[in-house]
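Comments concern the structure below.
The values are calculated or read from the model by the stated rules, or taken from the named source; none is laboratory data. All figures in this text were calculated on a predicted structure; none of them were measured in a lab. Counting neighbours? That spans all protein chains shown, and the Cβs are built from the backbone with ideal geometry, glycine included. Ligands, DNA and RNA are excluded from the accessible area calculation, which covers all protein heavy atoms including side chains. Shrake-Rupley method; radii C 1.70, N 1.55, O 1.52, S 1.80 Å.
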Amino acid sequence: MNLARESIELLEQVARILWFEGAKLGLRDREWMALRFLSRANRFSRTPSALASYVGTTRGTASFIIGELERLGYLERKRSATDKRSVMLSVTQQGKKFLLRDPVGVLLEAIDVLDDEARIRFRDTLRHVLDQADAAEQRHHTDVCRRCIFLREDRTATDGRTNGEFSCRLFRAPIAEAEVDLLCTSFEHHRQ
């Protein structure tokens, strides 16, 4: 059998867990996708337009998804402190509690039993496949700031300690160290 075809068939079965198991808990696939994304997104990507980009839908559909998640108490929107025309989205405590029942937990557990090297290879293989697909379609995907071309790290040494300060060159804003492992829809990977 063709290994590439077999791999895609296995991915389809994994996708079934991602897309259809969640319906048992009352959310549609895109609502789950939105809730998962917003729980891991950096502050630049917790907007309706970034959500639409991530989910791969129109802003109107993203607005509908946001409304549903708000109605259920899983999400709230607030006016941006810096730009009153912008809205920032946040997962509520109720939403975080609901995410504990996320059907992808079974997939996380299955991956977590792998040793560190196997988990890294698995992640890197998926990234490679996604990078190749994105290059073929001339699009980009969402990933963590730590891998982004726009991340800038300045290391300073004081009192024998090395401190790192991060900033995003695209948004011209500082980034806390805890944020460099969050998702960003403006991600662009380093050129090779």
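For segment 62-74, how many residues are in a helix (DSSP H, G or I) and either more than 15 Å from residue 41 (Cβ to Cβ) or among the acidic types (Asp, Glu) (or both)? First the steps, then the outcome.
Here is the first cut: in segment 62-74, the ones in a helix (DSSP H, G or I) are 62-71.
Filter once more, so that each one left must be either more than 15 Å from residue 41 (Cβ to Cβ) or among the acidic types (Asp, Glu) (or both): 63-64, 67-68, 70-71.
Matching residues across segment 62-74 total 6.
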Worksheet entry | Qualifying positions in segment 150-180 - surrounded by fewer than 16 Cβ atoms within 10 Å (Cβ to Cβ), over 23 Å from residue 52 (Cβ atoms) and either modelled with pLDDT of 80 or more or under 20 Å from the mean Cα position of the chain (by Cα) (or both) | 152, 153, 154, 165, 167, 169, 172, 174, 176, 177, 178
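Restricting the search to segment 36-54, which residues are open to solvent by less than 20 Å² (accessible area, probe 1.4 Å) and either without any contact (Cβ under 8 Å) to a residue 12 or more places away in the chain or under 10 Å from the mean Cα position of the chain (by Cα) (or both)?
Keep residues of segment 36-54 that are open to solvent by less than 20 Å² (accessible area, probe 1.4 Å), which gives 37-38, 41-42, 45, 50-52.
Selection gives 37, 38, 41, 42, 45, 51, 52.
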Item to complete: From (1) part of a helix (DSSP H, G or I); (2) open to solvent by 40 Å² or more (accessible area, probe 1.4 Å), pick out the condition that doesn't hold for residue 77.
Response: (1)
Worksheet item: Which residues, taken from segment 18-35, are in contact with a helix residue (DSSP H, G or I) (Cβ under 9 Å, 6 or more places away or on another chain) and surrounded by fewer than 15 Cβ atoms within 10 Å (Cβ to Cβ)?
Response: 20, 23, 25, 28
Worksheet item: Can you name the condition, by its number, that residue 82 falls short on among (1) open to solvent by 30 Å² or more (accessible area, probe 1.4 Å); (2) under 18 Å from the mean Cα position of the chain (by Cα)?
Response: (2)
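Can you find even one residue in segment 85-101 that is open to solvent by less than 100 Å² (accessible area, probe 1.4 Å), over 19 Å from the mean Cα position of the chain (by Cα) and of a type in the set (S, T, N, Q)? Show your work before the answer.
Taking segment 85-101 as the starting set, the residues that turn out to be open to solvent by less than 100 Å² (accessible area, probe 1.4 Å) are 86-92, 95, 98-99.
Right, trim to over 19 Å from the mean Cα position of the chain (by Cα) and you get 86.
Filter once more, keeping what is of a type in the set (S, T, N, Q): 86.
Yes, the conditions are met somewhere in segment 85-101.
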Discussion item. Could you check segment 39-57 and list, in sequence order, the residues that are in contact with a helix residue (DSSP H, G or I) (Cβ under 7 Å, 6 or more places away or on another chain) and in a helix (DSSP H, G or I)?
Written reply: 39, 48, 49, 51, 52, 54, 55
Item to complete: Please indicate, with yes or no, whether at least one residue in segment 107-119 is in contact with an Asp or Glu (Cβ under 9 Å, 6 or more places away or on another chain) and closer than 22 Å to residue 182 by Cβ.
Response: yes
